[in-house]
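To start, the structure itself, in structure tokens.
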Amino acid sequence: MPASQYDAIVIGARCAGSPIAMLLARQGHKVLLVDKATFPSDTISTHLIHPTGMSHLRQWGLAERVIATNCPPIHTYAFDFGPVTITGSPGTKDEPYSYAPRRTVLDKILVDAAAEAGAEIREAFTVEEILVEDGTVVGIRGHQRGGETVTERARIVIGADGRHSMVARTMKAEQYNERPELESSYYTYYSGVPMNGRFETYIRGPRAFAAWSTNDDLTLVVGGWPYREFEENKKDVEGNFMKMLDLVPEFAKRIRAGKREERWYGAAVPNFFRKPFGPGWALAGDAGYNKDFITAMGISDAFSDADRGASAIHSWLEGSRQLDDSMGEYQKTRDAHVMPTFELTCQIAALEPPSAEFQQLLGAVAGKEGPMNQFAQMMAGVKSPAEFFAPENVEKFFQG
Ligand SMILES: Cc1cc2nc3c(=O)[nH]c(=O)nc-3n(C[C@H](O)[C@H](O)[C@H](O)COP(=O)(O)OP(=O)(O)OC[C@H]3O[C@@H](n4cnc5c(N)ncnc54)[C@H](O)[C@@H]3O)c2cc1C
């Protein structure tokens, strides 16, 4: 068998792939990072990064680069349910702000950081096939845009290739906790809609919409409806979107006072977990765990995956642990960490009326600084829903 040219090949150079390649290269491993895209480039995704995600960027020495792109800090999250609005700080003393860099900006910073760490980067490189020998992944076959098909071999191939992952498909990665598409959303960018450091979201019946600032003095405006309305509503996206905003006339007025600067982008995604490893392969980011974007957790989760995944794979590459053992622990930790937020995300994405119990809870939280901050932190993934909804915690909200 020919020797591996690389320790690791990473497919996909965005939120999961570039950081995992960077971290493995920083540990001294020989890494090839490929993507069919070139950078900078956009992808269909809004891009709120909660303080948890920012703290990964800070740890990696990349937060200042993101902030330096003139991307305004977001210090307040406001959740307007109609009868009550919960307004709180999503962050902590150490990491107080969220940011929303355009993916053209963020993904370029990430891929450049992987290159600086010593990973070999091939942009405009499409992987056509995952090479498998005796049930073990041994490499990839693919081509540079306009080039010949080449074969590259590695001890491990990491699929950071998004929710339609070729690695997962080829290796028939076991899928669990599956839920279908629950809502569909559209978003675009406006100038002339100042947000003053606020992320604002409005929930009205089976509709949810939000706005926050990004680079270039633009404001991202996003909103969605249940997936069952997707086919009908896509016949007139703008008309249906504006009708939705009119449910909160003050907000609609602010948006109409601005100018739409880009086209409409839309998506709906299914929810699932995948077993993220097997002989010679691993998955990170959306390839291993995908969920509705209504809680904006995907980027921060991809960063956590990169962090945990790189350390699990490093311990196998350096020979201190078996892959099954280190990646088995990675899967267990990932699932335990994200499961409460996954359940909350699916509940919110269903866009069903809040239960009487939840409405009472909101009433008890509204107007109280500490509980409102806790709510904002939960929605930012800083505090676990399990901790927020724990009976002894909820009891305190009702006590005043
Ligand atoms: C509408 C929408 C809104 C969202 N909003 C937010 C938000 O506000 N905040 C948030 O945190 N998350 C959000 N998300 C989720 C977020 O976009 C994802 O979780 C995140 O992009 C996952 O990163 P990734 O690196 O795993 O995958 P991706 O970003 O999907 O990157 C995968 C890469 O793999 C490459 N690739 C795939 N196949 C191949 C191949 N065969 N050969 C070569 N390259 C290949 C692709 O070109 C791509 O660049 C949103 C998602 C959607 C759809």
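The values are calculated or read from the model by the stated rules, or taken from the named source; none is laboratory data. Quantities reported herein were computed from a predicted structural model and do not represent experimental measurements. Here the Cβ positions follow ideal geometry from the backbone for every residue, glycine too, while neighbour counts run over all protein chains shown. These area figures cover heavy atoms from the full protein model, side chains too; ligands, DNA and RNA do not enter into them. Shrake-Rupley method; radii C 1.70, N 1.55, O 1.52, S 1.80 Å.
In deg cm²/dmol, rounded to 500, what helix-only [θ] at 222 nm does the chain give when every DSSP H run of at least 4 residues adds -39500 (n - 2.57) and the total is split over its residues?
Details: 14 runs with 146 residues, N = 400.
Rounded to the nearest 500, the figure is -11000 deg cm²/dmol.
Using a 1.4 Å probe and counting only protein heavy atoms, arrange MET166, MET327 so the residue with the most accessible area comes first.
On the way: MET166 40, MET327 0 Å².
Final ranking, largest accessible area leading: MET166, MET327.
With the chain treated as a Gaussian network of Cα nodes joined by springs under 10 Å, which of VAL111, VAL34, VAL132 yields the largest mean-square fluctuation?
In the Gaussian network model the winner is VAL132.
Roughly speaking, to the nearest percent, how much of segment 4-158's 1.4 Å accessible area is carbon and sulfur?
Values: 2820 of 5910 Å².
Of the solvent-accessible surface of segment 4-158, carbon and sulfur hold 48 percent.
Counting Lys and Arg as +1 and Asp and Glu as -1, what is the net charge of the other residues whose Cβ lies under 11 Å from the Cβ of ARG122?
Its environment carries a net charge of -2.
Around LEU57, with a cut-off of 12 angstrom between Cβ atoms, what is the net charge of the other residues, counting Lys and Arg +1 and Asp and Glu -1?
So the environment of LEU57 carries a net charge of -1.
Quote the charge dipole size of segment 155-306 about the Cα centre in Debye, to the nearest 20; the model charges only the Cβ of Lys and Arg (+1) and of Asp and Glu (-1).
Magnitude of the dipole: close to 120 debye.
Collect residues whose amide H, placed 1.01 Å from N in the peptide plane, falls under 5 Å from the amide H of GLY139; neighbours closer than 5 in sequence don't count.
Amide H neighbours of GLY139: LEU131, ALA154.
List the chymotrypsin sites (Phe, Trp or Tyr not before Pro) in segment 156-264 that DSSP assigns to loop (not H, G, I, E or B) and whose Cβ has at most 15 other Cβ atoms within 10 Å. Which are they?
TRP264
Please state the shape class of segment 31-147: rounded when a/c is under 1.5, otherwise prolate if a/b exceeds b/c and oblate if not, all from the C-alpha gyration tensor.
prolate
Is there a quick way to get the dipole size of the chain? I mean about its Cα centre, with the Cβ of Lys and Arg at +1 and of Asp and Glu at -1; what is the value in debye to the nearest 20?
Rounded to the nearest 20 debye, it is 520 debye.
Comparing PRO40, PRO83, PRO279, which has the greatest mean-square fluctuation in the GNM of the chain with Cα pairs linked when under 10 Å apart?
PRO83
Specify the angular offset, from 0 to 90 degrees and rounded to the nearest 10, of the alpha carbon long axis of helix 369-379 from the longest principal axis of the alpha carbons in the chain.
Compared with the principal axis, the helix lies near 40 degrees.
Cut-off 10 angstrom, C-alpha nodes, Gaussian network model of the chain. Which of LEU247, LEU182, LEU48 fluctuates the most?
LEU247
May I ask you to list the GluC sites (Glu not before Pro) in segment 267-353 that are in a DSSP loop and have at most 16 other Cβ atoms within 10 Å of their Cβ?
Here the GluC sites (Glu not before Pro) that fit, given the DSSP loop and packing criteria, are GLU318.
Within segment 96-196, report the trypsin sites (Lys or Arg not before Pro) that DSSP leaves as loop and that have at most 16 other Cβ atoms within 10 Å.
ARG145, LYS172
Take every Cα pair under 8 Å in the chain that's 6+ residues apart, average their separations, divide by the length, and report that relative contact order as a whole percent. Before the final figure, lay out each step's value.
On the way: 847 pairs, mean separation 87.3, N = 400.
The value is 22 percent.
Over the heavy atoms of ILE313, what accessible area does a 1.4 Å probe trace out, to the nearest 10 Å²?
The value for ILE313 is about 0 Å².
For segment 246-400, what's the relative contact order in percent, using C-alpha pairs closer than 8 Å and at least 6 residues apart?
Numbers: 107 pairs, mean separation 26.7, N = 155.
Reported as a whole number, the value is 17 percent.
Nearest 10 degrees, 0 to 90: what angle lies between the long axis of helix 323-349 and the longest principal axis of the chain (Cα atoms)?
20 degrees
Contact order normalised by length for segment 1-69, with contacts defined as Cα pairs under 8 Å and 6 or more residues apart; what percent is it?
26 percent
Which entries of LYS291/LYS383; LYS172/LYS332; LYS234/LYS275; LYS30/LYS172; LYS93/LYS383; LYS36/LYS332 have Cα-Cα distances beyond 25 Å here?
LYS234/LYS275; LYS30/LYS172; LYS36/LYS332
In Å², what does the accessible area per residue of the chain work out to with a 1.4 Å probe?
Accessible area per residue, the chain: 42 Å².
In degrees, nearest 10, range 0 to 90: what is the angle between the Cα axis of helix 356-365 and the longest Cα principal axis of the chain?
Once rounded, the angle reads 80 degrees.
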